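The values are calculated or read from the model by the stated rules, or taken from the named source; none is laboratory data. No experiment lies behind these values; they were computed from the predicted model shown. We place every Cβ from the backbone using ideal geometry, glycine too, and count neighbours over all the protein chains shown.
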Amino acid sequence: MLHDRIFPLLILNDMKKIELEIVALSHSITQTHSYAVVLGEVNGLRRLPIVIGGFEAQAIAVALERMQPSRPLTHDLMKNFMNAFNVELMEIVINDLQEGIFYSKLVCISEHDTVEIDSRTSDALALAVRFGCPVYTYEHILESAGILMEDNSKKKKSEVPINEPSAVTREELGKMSLDELNTLLAEILEQEDYIKAIAIRDEINKRK
């Protein structure tokens, strides 16, 4: 089988890598109109914050929250394209950091080959959550850009905090009726602002 053929190679590589998981996605406090995705070291205390664009943040949020866009997003299209040609995304590796910019690669397999493809880290993460594949980096990257946390509490992926609204926004949503919230949700989904839609949806679910 294909997986049996590449398994020893993957194990050899994995020994040199550190697995990460998405633990938070929120507005960036350092760059306007940007977001920060925070990756946490699996079974460890370090966090790796990465600034990404709004489009990629939406793409990650949609997949994490299992929302159904009115139209396929670019990363959904890419996944469908890969599936159509029997290409599987096995893992992504954040393999370099230069002048504050993270570089990544996609490790893809087909029936006959294993290929590594360069990718922006934000795009790689958006694909990783769609394929459910692991995310890795190297020790020197965590050493130079990671943040050490005081405790080792873990959140499940379904509990990842995504762009938690400000107190004013939460208060405004709390004052709206259920009908108003449903109307607003429909409008926001039409605008394809899925991060705002998640906050509204959570408020609606609290009322049920």
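Within the set of pairs 6+ apart or on separate chains, which have a first residue in region 53-78 that is farther than 21 Å from Ala36 by Cβ, a second that is crowded, with 16+ Cβ neighbours inside 10 Å and of a type in the set (D, E, K, R), and C-beta atoms under 8 Å apart?
Taking only residues 6 or more apart or on different chains, the pairs are Pro69/Asp76; Asp76/Arg130.
Name the one entry in Leu73, Leu97 that is modelled with pLDDT of 90 or more and either touching a helix residue (DSSP H, G or I) at 6+ places or on another chain (Cβ under 8 Å) or closer than 15 Å to Val129 by Cα (or both).
Details: Leu73 fails: modelled with pLDDT of 90 or more.
Of the residues listed, the single one that is modelled with pLDDT of 90 or more and either touching a helix residue (DSSP H, G or I) at 6+ places or on another chain (Cβ under 8 Å) or closer than 15 Å to Val129 by Cα (or both) is Leu97.
Specify the residue that is modelled with the lowest pLDDT; the eligible residues are those in region 158-188 that are surrounded by 12 or more Cβ atoms within 10 Å (Cβ to Cβ) and within 18 Å of the chain's Cα centre (by Cα).
Glu164
Taking region 97-149, which residues are assigned to a helix (DSSP H, G or I), free of Cβ contacts under 8 Å to residues at least 60 places away in the same chain and surrounded by 12 or more Cβ atoms within 10 Å (Cβ to Cβ)?
Of all residues in region 97-149, those assigned to a helix (DSSP H, G or I) come to 121-131, 139-145.
With the extra rule that they be free of Cβ contacts under 8 Å to residues at least 60 places away in the same chain, the set shrinks to 124, 127-128, 131, 140, 143-144.
Passing the criteria: Ala124, Leu127, Ala128, Phe131.
I'd like the residue in region 20-52 that is surrounded by fewer than 16 Cβ atoms within 10 Å (Cβ to Cβ) and of a type outside the set (A, V, I, L, M, F, W, C) and, out of all such residues, is modelled with the lowest pLDDT. Step through it out loud before you land on a result.
Looking only at region 20-52, we keep the residues that are surrounded by fewer than 16 Cβ atoms within 10 Å (Cβ to Cβ), and these are 29-34, 42-45.
Then drop every residue that is not of a type outside the set (A, V, I, L, M, F, W, C), which leaves 30-34, 43-44.
Numbers: Thr30: 50, Gln31: 59, Thr32: 60, His33: 65, Ser34: 76, Asn43: 89, Gly44: 90.
Within region 20-52, the match that is modelled with the lowest pLDDT is Thr30.
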